Each structure stands twice: as C-alpha cells, then as structure tokens.
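See structure below.
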Amino acid sequence: MITLRNIGIQFGDNTLFENVNLNIGTRDRIGLVGSNGTGKTTLLRIINGEIAPHTGRIEKAKAASVGFLPQEVVRMKGKTLYDEVATAFGDILETQEKLESIQADISSPDCTDEERTELIEQMGALQQHLEMSGAFRMKSSIEKVLMGLGFREEQFTWMTEHFSGGWQMRIELAKLLLRQPSLLLLDEPTNHLDLNSIRWLEEYLLSYEGSLIIVSHDRAFLDTMCKHIWELSLGKLTAYTGNFSSYVVQKEERKELLEAAYKNQQRQLKQSERFIERFRYKNTKARQVQSRIKQLEKIERIELEDEESEISFHFPPPPRSGAVVMDLQNVKKHYGQNEVFNGVDFRVERGDRIAFVGVNGAGKSTMAKILAGAEPMTGGSREDGYNVMLSYFAQNQAEELDPNSTPVEIMDSVAEGEMRKYIRTLLGCFLFQGDDVFKSVRVLSGGEKSRLALAKMLLTPANFLILDEPTNHLDMRSKEILRQALMEFGGSYIIVSHDRAFLEGIVNKVVEFRHGGIIKEYPGTLEEYLAVIDGEQERTIPEHTKEKSEKRRDDKDRKRREAEIRQQRYSETRTLSERLDDIEKKIHTIELHIKELEQKLMDEKLYNDPDEIRTTHHEYSESKEQLEKLYNEWEHISNDLDKIHKKYEAMLDD
C-alpha cells in the first residue's frame, strides 16, 4: 500500500535517521518506538506528506488515504460537537445538500415537467449513492464513537470551543476514526484518554479495516494493538515481528547474538593479525600470509551500537507514619452549581498503594488535591495521620518553578545530605542529558518543566506520595525507572493514572471514580480490578500473566543452558589456550635470541675464533629449527581452538 525507500532527514548537521526502507501493507498493525528525540513524530509527518524527506521517496497506491492524529492540541470552534464530528462524512453531507437543493427545485412552481423528470432521475442516483455510502448509519456511528471516547449525550449540542484541549483531541480522534482512512497515524493517542476510553479504543481499532502506525509510551496499548514494532535508534530503523513484549525479548536476544558474534569475530581477527605479524617475513608462509590478509580485507566488521547507560533512582528513606495516613469524613465539594462530591468518606492506611482510575471529569484530580491539602473542601473534615510527611505532584506545579534557575540549581535547593550525590542521576532518569541541566527553566518546554517538577518532588523526604498523572511526559525508560523506584518505596502512595503497564505490580488497591461523586474501592491489583469490572466472578490469574510467567521461566532455563555451554567451552579450551600463550612466550624469547645471534654473526671479531663461529652457527640453526616447530605447533593449536569455538557457537545458536 505504502512503501518507504531510503528515507532520510537531517536538521543542520544532525542526521535524525537515514536509509529507512519499509513497506506498509493492508491491515498492518505497527508500533513505532524509540527514545524521545529519535524522530518518531517526524517519520509520521513524512508519511503523512507534511514534511519532505531529504533523501529517498515514498510510493503510495492511488486509492490509499492517510489520516494523522498529532500530539498537539487542535483547536476547533464555531460548530456543535455533533456537527464538527459529522464533517468526517463530508461526501455524505455534500450529497445530502445536493438532494435538498434538488427537492427545492422540484417544488418550485417554475420547474417544468421536463426539468422535473430530469431532477427526479438525479435525485434517485444521489439517493442510491447515499445508500451505498452507508448514510443511514452515519448518526449511529457518530454516537457510538463519541460515547466510546467518553462524551455524554447531553454534550452533543455543546459548542466545540467550550471543550478543553484534551477533549478537543478526542474530537479530532473521533473524526479520524469515522473517516476510516487506509492508514491511521496515531501519535500518542492515549495521552488524553481515561482507562475506559482506552479500552474502548482498543476494541474499536482491533476490528479497523485499515492499517495503523502507533507512537505510544503506553506499553499495554502497544501489546494489545501491534503485530509489528519499528524501533528508531541511533539514526536507524529496525523492524521486529510481534507486539511490544515480544520486541523486548527479541531485542535482548538480538543484542546477545550480536555481542557473541562480535566477540567471536574479534577473536578471529586477532588470531589472523597475529599470524600475519608472525609470518610476514617468512618465505615458506608467504602464500598463507597473503591469504589471511585478503580474508581480513573482505570481512564485514560487526559494530555494536552505543547503549544508553543503565540508571536508576531510589527515594530517600521515608520515616514511619501512623497506621492511618489520612482520613476524610463526609467530604463535600462543589464548583458553583457543579457538585463533584457529596458526603464521601475515604481513608488511606499505612502500606496502601492506591490507583485512582475512572472517567475524566469524575473527580480523580480533585480528590488528589483535597488529600494533598491543595484544594479546599466545601464541607467535611480532613485529618492527617501521625508523623505523615506528604509530597504532592500535579501538572500545574511546573508553573511554580523559578524561571531564572537551572534544573541543577532547583534540584540542589531541595536535596538533603547524601541525596545531593544523585542530582545528576535523577535528572538523567527524567531525560535531562548533557547541557540540558544548565538551561534556564524559562527556555524549557512544558513537558520538560513537568518532568523537572516531578524530579524535584521526588527528592523531598516523604512517607505519603500523591502523584497526579506522573507519566504524561515520560518515555518508557523513564517510566520504568520511576515504577521500579515506587516498587521499592517504603511508604504509602496514591497515583492518578490510566497507564496500565506503569501501574502493573505497584498497587494493592484500586479506587474507581464515576460521575455523580460515586467512589468504589477494589482491593487488589489493577488486573484484578479489570477482571471484576469485565464481569468475571472468580479472580483467576489472567492468561497473559501466565504467559509472562512461563516466558520468564523459559528465559531462565535458556540462560542457565547457555551458562552451562559456556562453562563446557571454557573447560575444553582452557588447556589449549594456556598452551598457546606459553608457545607465544617461547616464540617471543627465541625470536629475540635469534636477533642477538644475527647481530653477533655480523660482528667481524667473531671470525677471529673458529670455535666460536662454529658454536654460534650451530646455536643459530637450532634456534631457527626450534622456532619453526613452535610456529607449526602454534598454527595447529589455533586451528583446533577455532573448531572448538565454532562448535560451541553453533550450540548457543540452537
């Protein structure tokens, strides 16, 4: 359907990527992944035709159409929600307008019988076109998509300018889904969706007739949606078959194979180079030396990619709190006539690791603010537990950063004691690299400021964390660093998030918010909560969790088998390797002795003593003969070692 041939692009002297060659077929499901800044969005814009590549070309079938959902907020105004989304059916609306015009002409007293007959024929053709276009399904399709994306029926008549940026992105997504292009390009489609809407979108896209390319940091979404993963890294694009979890395994396996092949090649190169160096000036070995030189010239050298350094973060040790961390009684919260909560009781106990989930607008962030003391209640009581030290992260905290300070200075202002050592590490965890840490806050993007505010909050010693959408501006690597730190955290926390992969394994209670101020608590993991709301009566382990456990066992067995093979190889090659080293030392010693004898034989004084001449010549001949034997033994052992290494490399590849 669409083919990319040698696509490349650069900005100034920086080559973003090059030599991208891929084919997008019918009903392909592709996840585009890579660290921030590798060019994922740029590649989508090239495929969409917004940006021309500097090298290569894109070949597209005539009938293929492309729809693109960008990350940036698309502002709409002047139409109701329903009418704006209905523009996705432009052809149908245009046909309906033509029909209305024809009906008006037929009703006109000035219309002759001949004209009326012709207009009736045109009307019949247009009505047939509408039937074939599925116009009778337009209304139900619009309602289905809007309600699936979280809009309520009473909102259909609202003007679009009254919706926030996140909801406007949902409107744009609704229009794209209804247009049904041949290829959908979705750049972070889940960023502005709640958990229910994400799950609905997954179901909708699974039956979508066109192809999909998805950029997302939502691992669970990629696992569900994708059958192929394209990875952009270090200016290259690598294609993998399978979902994201499969890609992670394949990438690790590919890395291990490449490292093994690299080590094997380096060993062979060194042996060949040593052979050439040893026998370069020996006439009897000249042909073999030239053969080895030609082999070296033909070898395609294996290169290892530079890897991102492994970094991690640990929270400051939290002081122990009382058994009850926070207690809310009879909470009421109104915004004017809008009632969010009315008589809600909620308690946080020591050791609670709670996820706030539910539809957007039901009060998750409002409750987080009330718990943090950042939002006053209309009524009710809020009581802190004994020795509670609270730390709160919200998106608007980025606005409170000192615009004249640098990230390093801001972190240093809150770090205490030993934590000062980890400032640069923590900034690295949250994507501040190199000179980024010395930039003024005023020049940072909104996402960078949000990440900095989160990093600052995490340096403050606390035993109760409240995190409102902490992963919105993080890539997968940063999310995993934060997730691991939360797993090891010794205090309590509440996380407002719709990221299933991030919440996996780090919560022991789920609190669901519904419209009307309804709050329901579900003890257990997020997976167990999803199983309950899907109508499952028994809390069985989800099938994909079993598959993950089996996969981990398989990986463990594979690594143990590989370790045993490497141990066998070491045992079999150890004696030969030691013998080879010993021979090389002897060769080196004899070669030096031969050079000394050659210098002695060049001395004229030697020839004044016939016995000394005879002895020196005899010693020289014996040394040359001994050296030749050592050369032959060295080559024989080297060949034996090569055979053994190849045998075990084949065993590791099986």
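Here are the numbers:
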{"read-out": "Residue that is nearest to the chain's Cα centre (by Cα), among those in the stretch 200-222 that are surrounded by fewer than 19 Cβ atoms within 10 Å (Cβ to Cβ) and of a type outside the set (A, V, I, L, M)", "value": "GLU202"}
{"read-out": "Check on VAL507, assigned to a loop (DSSP other than H, G, I, E, B), touching a residue at least 12 places away in the same chain (Cβ under 8 Å) and not assigned by TED's automatic domain parsing to the domain that holds ASP187", "value": "yes"}
{"read-out": "Scan of the stretch 492-508 for residues that are closer than 18 Å to VAL348 by Cα and surrounded by fewer than 19 Cβ atoms within 10 Å (Cβ to Cβ), ordered by number", "value": "ASN508"}
{"read-out": "Within the stretch 425-450, tally of residues that are free of Cβ contacts under 8 Å to residues at least 60 places away in the same chain and touching a Ser or Thr at 6+ places or on another chain (Cβ under 8 Å)", "value": "6"}
{"read-out": "Any chance GLU84 is more than 26 Å from TYR240 (Cα to Cα) and modelled with pLDDT under 90", "value": "no"}
{"read-out": "Exclusive hit being on the phi > 0 side of the Ramachandran plot and out of contact with any Asp or Glu (no Cβ under 9 Å at 6 or more places or on another chain), set GLY12, GLY56, GLY78, GLY67", "value": "GLY12"}
{"read-out": "Qualifying residues in the stretch 362-404 (those that are part of a loop (DSSP other than H, G, I, E, B) and touching a strand residue (DSSP E or B) at 6+ places or on another chain (Cβ under 6 Å)) - the one nearest to LYS439 (Cα to Cα)", "value": "ALA394"}
{"read-out": "Search result, residues across the stretch 188-229 that are free of Cβ contacts under 8 Å to residues at least 24 places away in the same chain and in a loop (DSSP other than H, G, I, E, B)", "value": "SER207"}
{"read-out": "Selected residue [among the hydroxyl-bearing types (Ser, Thr, Tyr) and in contact (Cβ under 8 Å) with a residue 60 or more places away in the chain] from THR55, THR80", "value": "THR80"}
{"read-out": "Selection status of GLY67, in contact (Cβ under 8 Å) with a residue 40 or more places away in the chain, within 24 Å of HIS217 (Cα to Cα) and surrounded by 15 or more Cβ atoms within 10 Å (Cβ to Cβ)", "value": "yes"}
{"read-out": "Complete set of residues in the stretch 435-446 that are of a type outside the set (A, V, I, L, M, F, W, C) and in contact with a helix residue (DSSP H, G or I) (Cβ under 9 Å, 6 or more places away or on another chain)", "value": "ASP436, LYS439, GLY446"}
{"read-out": "Yes/no for LEU426 being modelled with pLDDT under 80 and outside any strand (DSSP E or B)", "value": "no"}
{"read-out": "Qualifying positions in the stretch 626-654 - over 15 Å from ARG278 (Cα atoms) and acidic (Asp, Glu)", "value": "ASP640, ASP642, GLU649, ASP653, ASP654"}
{"read-out": "Some residue of the stretch 451-471 being polar (S, T, N, Q), surrounded by fewer than 23 Cβ atoms within 10 Å (Cβ to Cβ) and outside any loop (DSSP other than H, G, I, E, B)", "value": "no"}
{"read-out": "Residues (part of a helix (DSSP H, G or I) and either surrounded by 14 or more Cβ atoms within 10 Å (Cβ to Cβ) or not charged (D, E, K, R) (or both)) located in the stretch 99-114", "value": "LEU99, SER101, ILE102, GLN103, ALA104, ASP105, ILE106, SER107"}
{"read-out": "Per-region count, the stretch 247-272, residues of a type in the set (Ser, Thr, Tyr) and closer than 22 Å to ASN21 by Cβ", "value": "1"}
{"read-out": "Counted residues, the stretch 239-263 - those being in a strand (DSSP E or B) and over 20 Å from GLU480 (Cβ atoms)", "value": "2"}
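The values are calculated or read from the model by the stated rules, or taken from the named source; none is laboratory data. None of these values were measured; they are calculated from a predicted model. Backbone-built Cβ (ideal geometry, glycine too); neighbour counts: all protein chains shown.
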